[in-house]
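Following: one structure in structure tokens, then a few remarks.
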């Protein structure tokens, strides 16, 4: 996606769309964060990806693509241990679709959920 999404003659910036998706996703039970890690994790991940074939942190945790019928959204999340992934993804899809439809006024044709990490409780 370019820096803005033009829908019905209105330009919506990528940052605005990302913020809407992020806020909706973080309200879903079981979602720890949307594409974020703390600084120590960023450093560790960078070093691991430098010396191995493992990928680094996702640069764009939310991407939107305009389709004929609306928007297709990809969202990368970190989830808490103990939640059923299929239910969590279903809840996430619903929340993101409803938020984007309410805020931007465009139907969401698909929400692809990528669970990149799982957070375990401290003992």
Condition set touching a residue at least 60 places away in the same chain (Cβ under 8 Å) and not in a strand (DSSP E or B), scope the stretch 99-123, selection surrounded by the fewest Cβ atoms within 10 Å (Cβ to Cβ): answer is 105
Note to self: Tell me whether the stretch 73-88 contains one or more residues that are loosely packed, with under 13 Cβ neighbours inside 10 Å and under 24 Å from residue 10 (Cα atoms).
What the structure shows: no
Per the filter on the stretch 9-54, residues part of a loop (DSSP other than H, G, I, E, B) and either modelled with pLDDT under 75 or under 11 Å from the mean Cα position of the chain (by Cα) (or both) are 9, 35, 36, 37, 38, 52, 53, 54
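The values are calculated or read from the model by the stated rules, or taken from the named source; none is laboratory data. Worth saying up front: this structure is predicted, and the values here are computed from it rather than measured. Counting neighbours? That spans all protein chains shown, and the Cβs are built from the backbone with ideal geometry, glycine included.
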